[in-house]
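To start, the structure itself, in structure tokens.
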Amino acid sequence: MYALLGGNGSGKSTLLKVLCGIHKAQQGKVWIDNKPLKSWKRQDLVGKVGYLPQNPKLFFLHDTVKKELEETMSQSTESPTELVESLLNMLDISHLIHKHPYDLSGGELQKAALACILLRKPDILLLDEPTKGLDPVSKNQLADILKELCRNGTTVLFTTHDVEFAAANASRCGMMFDGKITSEGDPSVFFKGNFFYTTMIQRLLRGKNSTCLTVEEACRQWS
């Protein structure tokens, strides 16, 4: 689970769009499974790479969440009815399936779009600011889902300004500046060596010898 951090305009969202084929790379090449991205058929790529944009409204074409899910299911060779129910329960959005996507809150919309993407069982999941609009409980639910996906072999790359979420859940972090990765490492190293992008507890304990990255870790250590 790779967290990509950086300021607005640094190129994070553009990178995700290049990786999933929405934008063409101005230089260099993108390869997926030793095969150039441009040689992938669109229908095959959709099942390989899942992309959740920063504005989930762009994802929806139908007037209810249920119809959107059904459309996604119709494109699958499997019959994932049980998977749909599992995802809806896991994301806590079963009560929203008959609503128009545009009537949902930002966090609910994010979850509904994620459910549609996960139905395709992508090997690579690209998420642009996935915690935007989510309350703390929903963030924890999302973290559990992403960790489970990683345990089952999915690669997760997400952009974020949510330093605490990245520190607590990512297995590796990178800093993007002016279209390039300028530094990267495990969260324990990455955030302790970063002056501007670091967690709240690290700001409080700057200059002191601490192994804590997040407030939760600090509370557990000091309790």
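The values are calculated or read from the model by the stated rules, or taken from the named source; none is laboratory data. As the structure is a prediction and not an experimental result, all values here were calculated from the model. All Cβ positions, glycine included, derive from the backbone under ideal geometry; neighbour counts span all protein chains shown.
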- Scanning the stretch 1-52 residue by residue, those part of a loop (DSSP other than H, G, I, E, B), farther than 21 Å from residue 165 by Cβ and aliphatic (A, V, I, L, M) turn out to be 22, 25, 30
- Query: Any idea which of (1) aromatic (Phe, Trp, Tyr); (2) surrounded by 13 or more Cβ atoms within 10 Å (Cβ to Cβ); (3) without any contact (Cβ under 8 Å) to a residue 40 or more places away in the chain is the one residue 31 doesn't satisfy?
  - Reply: (2)
- Mind checking whether some residue in the stretch 37-50 is in contact (Cβ under 8 Å) with a residue 12 or more places away in the chain, within 26 Å of residue 143 (Cα to Cα), of a type outside the set (A, V, I, L, M) and in contact with a strand residue (DSSP E or B) (Cβ under 6 Å, 6 or more places away or on another chain)? yes
- Task: Please go through the stretch 129-144 and pick out each residue that is surrounded by 19 or more Cβ atoms within 10 Å (Cβ to Cβ) and in a helix (DSSP H, G or I).
- Result: 142
- On the given criteria, is residue 97 within 19 Å of the chain's Cα centre (by Cα) and in the same structural domain as residue 122 (by TED's automatic domain parsing)? no
- Message: Checking residue 108 against (1) over 14 Å from the mean Cα position of the chain (by Cα); (2) assigned to a strand (DSSP E or B), only one condition comes out false. Which one?
- Response: (2)
- Considering the stretch 89-108 alone, what residues qualify as being of a type outside the set (Asp, Glu) and modelled with pLDDT under 90? 89, 90, 91, 105, 106, 107
- Query: Within the stretch 30-55, which residues are modelled with pLDDT of 85 or more and either of a type in the set (Val, Ile, Thr) or under 17 Å from the mean Cα position of the chain (by Cα) (or both)?
  - Reply: 30, 32, 48, 49, 50, 51, 52, 53, 54, 55
- Failed condition for residue 16, given (1) out of contact with any Ser or Thr (no Cβ under 6 Å at 6 or more places or on another chain); (2) more than 26 Å from residue 187 (Cβ to Cβ), with all others met? (2)
- Hey, can you tell me all the residues within the stretch 51-65 that are farther than 18 Å from residue 159 by Cα and touching a helix residue (DSSP H, G or I) at 6+ places or on another chain (Cβ under 6 Å)? 60, 62, 65
- Message: Among the numbered criteria (1) surrounded by 17 or more Cβ atoms within 10 Å (Cβ to Cβ); (2) modelled with pLDDT under 90, which one does residue 112 miss?
- Response: (2)
- Task: Tell me, please, whether a residue that is in contact with a Lys or Arg (Cβ under 6 Å, 6 or more places away or on another chain) and of a type outside the set (Gly, Ala, Ser) can be found in the stretch 11-32.
- Result: yes
- Log entry, pairs with first residue in the stretch 161-178 being more than 20 Å from residue 150 (Cα to Cα) and in contact (Cβ under 8 Å) with a residue 40 or more places away in the chain, second being assigned to a strand (DSSP E or B) and of a type outside the set (A, V, I, L, M, F, W, C), beta carbons closer than 6 Å, six or more apart or on different chains, reads 175/182; 175/183
